[in-house]
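Chemist: Okay, here's the structure, questions in a sec.
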């Protein structure tokens, strides 16, 4: 899968160094994969959540952070939308910004 944009992950990792190992692992798995659908993603990431319309939420660093992406299976792209602490994620969901 082609991950767009890695920059958000790097910037978040600078602010939250404890997230970097998990973000690197997530990125490595995503880049090596070619997912046909959500079931295949679930095999690699058991705790993943699917919100609909390609919106997918991953738990990062032992569920300390949330990574929200759009996965476009047909074209093999993953768009990083948000990465946030749980408190920030809760604010996003209440504001319906996801």
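The values are calculated or read from the model by the stated rules, or taken from the named source; none is laboratory data. Fair warning: this is a prediction, and the values are worked out from it, not measured in the lab. Note: ideal-geometry Cβ built from the backbone for every residue, glycine included; neighbour counts use all protein chains shown.
Chemist: Considering each of 71, 60 in turn, give the residue that is touching a residue at least 12 places away in the same chain (Cβ under 8 Å), more than 15 Å from residue 23 (Cβ to Cβ) and touching a strand residue (DSSP E or B) at 6+ places or on another chain (Cβ under 9 Å).
Modeler: Only one candidate qualifies: 71.
Chemist: Right, next: Considering only the range 1-47, state which residues are without any contact (Cβ under 8 Å) to a residue 24 or more places away in the chain and in contact with a helix residue (DSSP H, G or I) (Cβ under 6 Å, 6 or more places away or on another chain).
Modeler: Matches in the range 1-47: 13, 20, 29, 44.
Chemist: Check the range 70-77 and report whether any residue there is under 19 Å from residue 6 (Cα atoms), surrounded by 13 or more Cβ atoms within 10 Å (Cβ to Cβ), at pLDDT below 95 and under 14 Å from the mean Cα position of the chain (by Cα).
Modeler: Taking every residue of the range 70-77 in turn, none turns out to be under 19 Å from residue 6 (Cα atoms), surrounded by 13 or more Cβ atoms within 10 Å (Cβ to Cβ), at pLDDT below 95 and under 14 Å from the mean Cα position of the chain (by Cα).
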